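Engineer: Pasting a structure here, questions to come.
Every read-out reported here was derived from the displayed coordinates using simple, explicitly stated rules and does not represent laboratory data. Predicted model, so just to flag it, every value in this text is computed and none were measured. Cβ: placed from backbone, ideal geometry, glycine included. Neighbour counts: every protein chain shown.
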Number of protein chains: 2
Amino acid sequence: MLDEILAPVRRENKQYIVFVVDYYFKGKDLVSRISVKPEDLLLFEDVDQHEPTTEQIDRLRDKILAEKGLPSGVVGIGGGSIMDIAKAVSLMLTNEGSSTLYQGLNLIKKPGIYHLGVPTISGTGAECSSTAVLTGPVKKLGLKCEWTVFNQVILDPDLIASVPDDWWFNTGMDTYIHCIESENGTLNNAFSHAYAEQALSLCRDVYLNENSGRSAENDDKLMVASLMGGLSLSYSEVGVCHALSYGLSKILDYRHCYANCVAFQHLEDIYTRGVREFKQMVTKHKINLPQNLAAGWSDETINRMAEVAYNLPHMWHQAFGENWKDKVSIDYIKGLYKRL
Amino acid sequence: MLDEILAPVRRENKQYIVFVVDYYFKGKDLVSRISVKPEDLLLFEDVDQHEPTTEQIDRLRDKILAEKGLPSGVVGIGGGSIMDIAKAVSLMLTNEGSSTLYQGLNLIKKPGIYHLGVPTISGTGAECSSTAVLTGPVKKLGLKCEWTVFNQVILDPDLIASVPDDWWFNTGMDTYIHCIESENGTLNNAFSHAYAEQALSLCRDVYLNENSGRSAENDDKLMVASLMGGLSLSYSEVGVCHALSYGLSKILDYRHCYANCVAFQHLEDIYTRGVREFKQMVTKHKINLPQNLAAGWSDETINRMAEVAYNLPHMWHQAFGENWKDKVSIDYIKGLYKRL
């Protein structure tokens with residue numbers, strides 16, 4: 001349906017589309033199915049080395065504008081990183097200066113251009129969330145505003161059928177953890193609760209119940225779970241696990257979903273039932289999560305991660321309420337990291 | 001939040017907002033809470049007499065354009081009828097000619113202007129659906145396209161707290177029936193199923209389970225159920241009950257949600273479990289649904305209703321699949337009406 005959807009979009013601006021595609025697909029069958037026109041720009045981005053950075057977004061934006069001027073739209077085809085790149089590029093094509101200026105809530109000044117997401121991995125919720133998470137020189141924080149949200153999303157479960165097993169597990173667990181953090185947070189409400197409850201039920205079907213495991217039916221379910229988990233957290237907030245995970249990603253370059261899994265297993269005192277069920281899923285799918293990582297980290301490394309995590313007040317607020325500082329200090333967070 | 005949300009919108013077009021408010025609220029407290037500016041147009045529409053008509057939309061559009069030119073946005077505050085009026089007016093302000101020209105799927109030529117919905121009754125799903133149902137001289141059919149969907153929606157459960165009991169029941173049952181028709185239809189899919197399953201669970205909380213009945217918590221749940229039921233049907237389709245209901249509305253002026261309830265109780269052979277549960281809810285809330293109506297209808301009346309219902313092929317297709325004509329004829333539909 002991509003062609004049909006893009007036809008009216010192509011009339012805008014300089015009348016061409018930028019396709020941002022995961023480098024993983026270069027030369028693969030999927031690419032031949034995208035109808036790229038001669039005037040379009042097809043960019044393969046390598047997201048294996050690191051998660052999206054502010055420098056990368058600025059570079060892409062400058063390159064696109066220098067080569068062909070303002071495009072009609074940006075189409076992202078890939079996992080959560082590509083989704084975030086497409087969202088961020090769309091915004092930065094119309095907002096001047098470096099993307100580091102806009103990391104935070106509602107700092108973006110103008111709507112971006114039309115952008116469409118085609119997820120090829122499900123779980124991060126990046127296809128529906130109102131943030132585009134970027135790692136900058138100072139912080140890992142999203143460009144978060146109403147204009148970040150994709151104009152349209154194509155959900156095609158065939159595209160996630162070939163995701164490697166460990167990514168299938170880790171990214172799916174991102175959704176699971178979104179829901180647990182949403183359900184156990186102080187900002188939970190009827191809307192975020194209804195979405196989390198249904199997404200959790202879908203996650204159990206995909207990873208735990210009788211017909212769990214990889215199947216076409218479960219790919220359908222995982223794709224919807226990712227969307228609903230993303231909508232749940234969009235209307236509440238993530239919590240402790242994501243704060244720790246951001247520190248792991250910023251300082252040690254851990255991938256987001258993997259970092260979540262590494263941290264979540266040690267949070268049974270905070271998310272009791274969630275962590276127990278998570279461990280059942282880990283066992284069922286024979287996932288090896290590393291243990292005793294902290295033994296190999298210097299105090300300096302742990303300090304730096306704790307600083308990153310502490311500077312995410314919205315997540316601690318969600319987890320422990322307005323008076324979160326009564327409980328959470330740098331030392332408390334260092335203690336959490338030392339469990340890993 | 002209305003003021004804050006509308007501030008950036010007010011810069012567009014002739015820089016004023018049209019508020020379309022249910023006449024029921026004229027002089028009531030709610031109106032004083034809307035910050036209407038001197039340049040704005042505040043229109044109270046009486047939706048008690050009949051459901052929205054094409055003539056009504058054309059008249060409103062002409063009046064607005066003649067008085068003040070193209071507005072920045074349209075805000076609808078009311079139940080499903082007001083939601084549909086706001087959506088339809090937004091579209092007809094930019095599409096020329098009578099709205100009768102656009103009744104159907106994707107017939108609208110241009111995006112409408114910004115429109116925001118504030119539901120004061122929950123259940124129809126009109127706050128999130130991609131259709132604005134209008135009764136025209138020939139058909140009852142929606143202006144259905146992607147631009148019909150509201151740009152933004154404010155869900156405030158306080159606003160539905162004072163809905164009269166019978167409306168609270170009938171409109172909630174509209175959501176319930178949306179989900180049953182979505183779940184039992186041939187177009188059901190992982191997306192519409194997940195939404196219907198959760199909306200049904202919420203409906204059971206509100207109308208059937210231990211803590212059912214009218215409470216602030218249940219108003220929260222009903223508001224989310226309405227949204228999710230609307231999203232479920234938007235990505236699949238309604239079925240037999242809605243086809244019959246449209247006939248009742250078009251020929252006998254029955255209100256949509258009431259017409260649904262009147263028809264649904266007699267469809268146990270088609271929606272077995274759904275109708276049984278519906279009857280439990282009817283009993284629990286001591287709702288008196290009329291019986292033996294058909295005895296008072298002329299054959300001519302039944303014929304005309306059956307014609308209206310038969311001309312909704314998408315609903316019969318959803319209910320019985322591609323070969324629905326093997327089962328469904330005017331006589332079959334007349335038989336269904338004679339059950340009422």
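Engineer: Can you spot the aspartates and glutamates whose alpha carbon is less than 15 Å from B:LYS327's alpha carbon? Ignore those fewer than 8 places along the same chain.
Structural biologist: Correct list for B:LYS327: B:ASP269.
Engineer: Still on this structure, I have one more. Count the net charge of all other residues whose Cβ sits under 14 Å from the Cβ of B:GLY112, scoring Lys and Arg as +1 and Asp and Glu as -1.
Structural biologist: +1
Engineer: Separate question: Tell me, what are the semi-axes, in whole angstrom and largest first, of the equivalent ellipsoid of the protein assembly as shown as set by the roots of 5 times the Cα gyration tensor eigenvalues?
Structural biologist: Taking √(5λ) for each Cα gyration eigenvalue gives 44, 29, 25 Å.
Engineer: At 0.36 nm per residue, and after removing the present C-alpha to C-alpha distance, how many nm does the segment from A:ASN13 to A:ARG339 gain when stretched out fully?
Structural biologist: 112.1 nm
Engineer: In nm, what does the list of distances from B:ASP331 to its counterparts in the other copies look like, shortest first, when each label sits 7 Å along Cα to Cβ?
Structural biologist: 8.7
Engineer: Also: Length gain on complete extension for the stretch B:ILE154 to B:THR94, per 0.36 nm per residue less the alpha carbon to alpha carbon distance?
Structural biologist: 19.2 nm
Engineer: From the P(r) of the stretch B:72-190, could you give the percentage of C-alpha pairs in the tail past 26 Å?
Structural biologist: In whole percent, the share of Cα-Cα pairs in the stretch B:72-190 beyond 26 Å is 24.
Engineer: From the helices alone, meaning DSSP H stretches of at least four residues, give me the mean residue ellipticity at 222 nm for chain B, per-run term -39500 (n - 2.57), in deg cm²/dmol to the nearest 500.
Structural biologist: Only helices count here, giving -15000 deg cm²/dmol.
Engineer: If you don't mind, another one. Return the loop-located GluC sites (Glu not before Pro) in the stretch A:44-92 (DSSP other than H, G, I, E, B) with at most 14 other Cβ atoms within 10 Å of their own Cβ; answer none if there are none.
Structural biologist: none
Engineer: How much net charge surrounds A:ALA196 when only other residues with a Cβ under 11 Å from its Cβ are counted (Lys, Arg +1; Asp, Glu -1)?
Structural biologist: Once positives and negatives cancel, what remains is -3.
Engineer: Please list the three semi-axes, largest first and in whole Å, of the ellipsoid equivalent to chain A, using sqrt of 5 times the eigenvalues of its alpha carbon gyration tensor.
Structural biologist: 32, 23, 18
Engineer: Here is a further query. Across peptide A:182-194, what mean number of C-beta atoms from other chains lies inside 10 Å of a residue's C-beta?
Structural biologist: Partner Cβ neighbours, averaged per residue: 3.
Engineer: Could I ask something else about it? Which residue in chain B puts its Cβ closest to the axis that rotates chain B onto chain A, and at what distance in whole Å?
Structural biologist: Spelled out as residue then distance in Å, it is B:GLN198, 2.
Engineer: Here is a follow-up. Label 7 Å along Cα→Cβ of A:GLU217; the stretch B:171-191 residues with amide nitrogen under 19 Å?
Structural biologist: Residues B:183-191 fall inside that zone.
Engineer: If the label for B:GLN291 sits 7 angstrom from Cα along the Cα-to-Cβ line, what are its distances to the same label in every other copy, in nm to one decimal, shortest first?
Structural biologist: List, nearest first: 6.8 nm.
Engineer: In addition: Under 8 Å for C-alpha pairs, at least 6 residues apart: give me the relative contact order for the stretch A:106-215, rounded to a whole percent.
Structural biologist: Rounded, it is 25 percent for the stretch A:106-215.
Engineer: Taking a ≥ b ≥ c as the square roots of the Cα gyration tensor eigenvalues, with a/c under 1.5 meaning rounded and otherwise prolate when a/b beats b/c, else oblate, which class fits the stretch B:13-136?
Structural biologist: Cα axes put the stretch B:13-136 in the oblate bin.
Engineer: Starting from the Cα-Cα distance between A:THR186 and A:SER32, subtract it from 0.36 nm times their residue separation and give me the gain in nm to one decimal.
Structural biologist: Extending this stretch completely gives an extra 50.8 nm.
Engineer: Okay, moving on. Taking the Cα centroid of the stretch B:169-201 and of the stretch B:11-54, what is the distance between the two, rounded to the nearest whole Å?
Structural biologist: 31
Engineer: Could you work out the relative contact order of the stretch A:273-340? I mean the mean sequence separation of Cα pairs under 8 Å and 6+ apart, divided by the number of residues, in percent.
Structural biologist: 42
Engineer: Another one. Kindly flag which residue pairs out of A:LYS14/A:LYS144; A:LYS63/A:LYS109; A:LYS221/A:LYS334; A:LYS26/A:LYS279; B:LYS110/B:LYS334; A:LYS28/A:LYS87 have an alpha-carbon separation exceeding 31 Å in this structure.
Structural biologist: Violating the 31 Å limit, Cα to Cα: A:LYS221/A:LYS334; A:LYS26/A:LYS279; B:LYS110/B:LYS334.
Engineer: With label points built 7 Å along Cα→Cβ from the Cα atoms of B:ASP165 and A:VAL138, find their separation and express it in nm.
Structural biologist: Placing both labels 7 Å beyond Cα along the Cβ direction yields 6.0 nm.
Engineer: Moving on to the next point. Output the Cα-based Rg and Dmax of the stretch A:226-340 in Å, rounding Rg to one decimal and Dmax to a whole number.
Structural biologist: Looking at the stretch A:226-340, its Cα Rg and Dmax stand at 14.0, 39 Å.
Engineer: Here is a further query. In the stretch A:298-340, which GluC sites (Glu not before Pro) are in a loop and have at most 14 other Cβ atoms within 10 Å, using DSSP for the loop call?
Structural biologist: When the GluC sites (Glu not before Pro) of the stretch A:298-340 are filtered for loop state and at most 14 Cβ neighbours within 10 Å, A:GLU322 remain.
Engineer: Using a basic spin-label model with each label point 7 Å from the Cα along Cα→Cβ, how many nm lie between B:LEU105 and A:GLU39?
Structural biologist: A separation of 3.0 nm, rounded to one decimal place.
Engineer: Something else: Going highest first, how would you order B:14-27, A:130-143 by mean Cβ packing within 10 Å?
Structural biologist: Ranked by mean Cβ neighbours within 10 Å, highest first: A:130-143, B:14-27.
Engineer: Further question on the same structure: Once the other residues with Cβ under 12 Å from the Cβ of B:SER226 are scored (Lys, Arg +1; Asp, Glu -1), what is the net sum?
Structural biologist: Taking every Cβ under 12 Å from that of B:SER226, the sum is -3.
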